Amino acid sequence: MMSNFKFCPMCGSKREDGSQFCKNCNFEFLVGNYVKLVDDKSENDVEITVEKVSQEEFLESNDILRQTRDKINCCIAKYLNNELILQYGEKYAETVSFELSEYISINLNSLFSNDFNDSFLEIIESLIHDENFINSKNIFIQWIDENRGHLPGMVLNQYRLPIQMNVDILKKIISLGLVDSDENKKLIELLNEYLDFESEFIVNLI
């Protein structure tokens, strides 16, 4: 019997009735039933009811995570672009690593590029601490834990790889050696906090 996923856990496309594969990304809907509620016990043996994360909630949280990551990366790229121009001039791409130069270039041209024109550090801090962003992380991780048995390793890797790339670039930025200033110290502080946030995903996707 096929799983009763109503939406594809990879791309979010609605599943056509009885289909074995997602019409958009070819994800194979695996064997197994989805259970909405599960009873569990606390350490004090107090009976509680734990509500499982629905597919719709997971897809919504995944969308919030992706959009917020894009916004954060856009603001980081804009801030870095300004700082590196001050430090090395317009041709700073010849000084920094290719990965970092590419990261800045891609995010300067993101869909959100025109939304942020100033106060990048304040925006980054606001996004990192956004309640919906934090809640979406918890929902995402819970859904992965609940459905791990139905998801092949390659699916977990498809979630993990973009986050791992983000972790790697954050580490490069932190070790970049920006000019010593209060603003750059604040940036590094925020990047370390964001790195911890992203690293938690990696642990739960291994």
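The values are calculated or read from the model by the stated rules, or taken from the named source; none is laboratory data. Given the structure is predicted, the values throughout are model-derived calculations rather than measurements. Cβ placement follows ideal geometry from the backbone for every residue including glycine, while neighbour counts extend to all protein chains displayed. Remember, those area values only see protein heavy atoms, side chains included, never the ligands or the DNA or RNA. Shrake-Rupley method; radii C 1.70, N 1.55, O 1.52, S 1.80 Å.
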- May I ask you to say which residue of SER113, SER61 is farther than 17 Å from ILE169 by Cβ, among the small types (Gly, Ala, Ser) and crowded, with 19+ Cβ neighbours inside 10 Å? SER61
- Message: On the basis of being buried (at least 17 other Cβ atoms within 10 Å of the Cβ) and under 20 Å from LEU190 (Cα atoms), does LEU108 make the cut?
- Response: no
- Message: With the requirement that a residue be assigned to a helix (DSSP H, G or I) and of a type in the set (Lys, Arg), what does the stretch 48-80 give you?
- Response: ARG66, ARG69, LYS71, LYS78
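Condition check ((1) within 30 Å of VAL53 (Cβ to Cβ); (2) buried (at least 19 other Cβ atoms within 10 Å of the Cβ); (3) not aromatic (Phe, Trp, Tyr)) across all residues:
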site	(1), (2), (3)
ILE72	yes, yes, yes
GLN87	no, no, yes
ASN132	yes, no, yes
GLY149	yes, no, yes
- Quick one: what pairs do we get from the stretch 171-184, first residue in contact (Cβ under 8 Å) with a residue 60 or more places away in the chain, second open to solvent by 50 Å² or more (accessible area, probe 1.4 Å) and not aliphatic (A, V, I, L, M), C-beta under 8 Å, 6+ apart or different chains? LYS172/GLU99; LEU178/GLN87; VAL179/GLN87
- Could you list, in sequence order, all residues of the stretch 178-195 that are open to solvent by 50 Å² or more (accessible area, probe 1.4 Å) and at pLDDT below 95? VAL179, ASP180
